[in-house]
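Here is the structure we will look at, set down as structure tokens.
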Amino acid sequence: MLLRPFALERLVSPHGPAFAALAAHYGDIWIDGLLRDWSEGRRPGSYGLAQAPLEWFEDLPLLCATLSAEGGSSTAAARRVVELSWTMFAGQVAPALDGPLTSRREAWLISLGAPCSGIVAAAAGLGSTGVLDNAHKLARTAGDRAHVLAMATLRAAGTRRAGFDQAARPTVHPGPDQAEALAEREHLARARHEADLAWLSDEWKVST
């Protein structure tokens with residue numbers, strides 16, 4: 001597994017076990033520094049890496065589920081990934097929330113709904129209250145642009161599949177016992193998804 005140079009958005013769920021082993025061996029402080037370096041690697045002029053793809057933000061729940069399933073230091077690393085992801089996302093979006101709402105800007109903000117929803121879902125699953133608080137503050141920014149982003153995020157949350165349970169789904173046809181366990185996981189996933197959507201609707205004070 002390549003450690004440097006590396007961009008944070010290149011960390012995907014299949015890397016979970018290897019990354020968990022690194023976290024267990026080197027500890028939280030070392031992993032925190034490594035992740036910070038990776039997040040900074042995507043900035044212009046550093047390693048020549050491109051801007052973080054929005055699809056990666058959408059897939060954060062699955063990545064974080066894979067990491068947190070390993071427990072221990074990898075769970076702390078998953079929280080750090082979410083925190084850095086929000087920093088990357090908000091750094092691009094927050095400065096663009098001021099000013100008049102043009103049709104082009106509106107289309108761009110709508111396209112950010114699913115990525116924002118992915119970060120919020122991952123943060124909610126990990127209990128990353130700092131990220132949730134910052135998402136709340138961003139959504140409550142005055143102006144039409146912030147409202148468009150909040151609405152787009154709510155709509156994306158309403159159609160999102162529960163990423164945290166996809167990692168646990170069997171790849172073969174389940175037997176009776178597996179089917180019962182799968183049904184229970186999907187029930188819990190729906191309940192968690194509804195709770196996340198309720199949190200967004202209540203905290204962001206916007207209606208769908």
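Just so it is clear, none of the values below were taken in a lab; they were calculated from the coordinates. As the structure is a computational prediction, the values presented were derived from the model and not from experiment. Every residue, glycine among them, receives a Cβ derived from its backbone with ideal geometry; neighbour counts consider all protein chains shown.
The table below gives the values:
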{"quantity": "Fewest-first sequence of 116, 64 by Cβ atoms within 10 Å of each Cβ", "calculated": "116, 64"}
{"quantity": "Separation in nanometres of the label points that stand 7 Å from Cα toward Cβ, at residue 136 and residue 104", "calculated": "3.6"}
{"quantity": "3J(HN,Hα) from dihedral phi, the range 104-118, Karplus parametrisation 6.51/-1.76/1.60, rounded to Hz, x for glycine, proline", "calculated": "5, 5, 4, 4, 5, 5, 4, 5, 8, x, 5, x, 5, 4, x"}
{"quantity": "Least to most buried among 111, 13 (fewest other Cβ within 10 Å first)", "calculated": "111, 13"}
{"quantity": "Alpha carbon Rg of the range 100-163, scaled by the compact-globule rule 2.2 N^0.38 Å", "calculated": "1.12"}
{"quantity": "Sorted by Cβ density within 10 Å, fewest first, the residues 66, 102", "calculated": "102, 66"}
{"quantity": "Kirkwood-type radius of the range 49-114, with distances r between different C-alpha atoms, in Å", "calculated": "13.5"}
